[in-house]
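The values are calculated or read from the model by the stated rules, or taken from the named source; none is laboratory data. Everything quoted here is computed from the prediction, not taken from an experiment. Cβ: placed from backbone, ideal geometry, glycine included. Neighbour counts: every protein chain shown.
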Amino acid sequence: MLSEDEINKISNMIFKQLVEHYDNLAEQENNKTYVLSTEEIIRNAVSEEDLLYLQLDRLYQLEKKYIDHEEYLKANIVLNKINRIKEKLKKL
């Protein structure tokens with residue numbers, strides 16, 4: 001049977017080894033680099049369809065602004081872009 005002193009020594013050794021092990025794991029994790037380009041982040045975050053809907057929303061707002069300011073030529077250009085995006089969405 002082990003004495004209390006021997007048990008304490010063994011438990012301290014085990015504790016020190018566990019601390020060293022987790023310190024090594026933490027250091028390895030901190031040394032990892034996670035580099036993604038902005039384009040990769042966007043591509044992973046939203047689908048092409050979601051991106052097209054976001055563009056559509058922005059273009060609808062822009063078209064409304066141009067119509068409110070009676071800039072009909074600019075509104076027509078935006079409308080053409082809206083129609084092209086709608087066609088892309090139909091193909092998806």
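The table that follows gives values for the structure above.
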read-out	value
Test: residue in the range 28-35 that is surrounded by 10 or more Cβ atoms within 10 Å (Cβ to Cβ) and of a type in the set (A, V, I, L, M, F, W, C)	no
Pairs with Cβ under 9 Å, 6+ apart, first in the range 69-90 and of a type in the set (Asp, Glu), second part of a helix (DSSP H, G or I) and at pLDDT below 95	Glu71/Lys65
Members of the range 39-71 that are in a helix (DSSP H, G or I), surrounded by 11 or more Cβ atoms within 10 Å (Cβ to Cβ) and over 29 Å from the mean Cα position of the chain (by Cα)	Glu63, Lys64, Lys65, Tyr66, Ile67
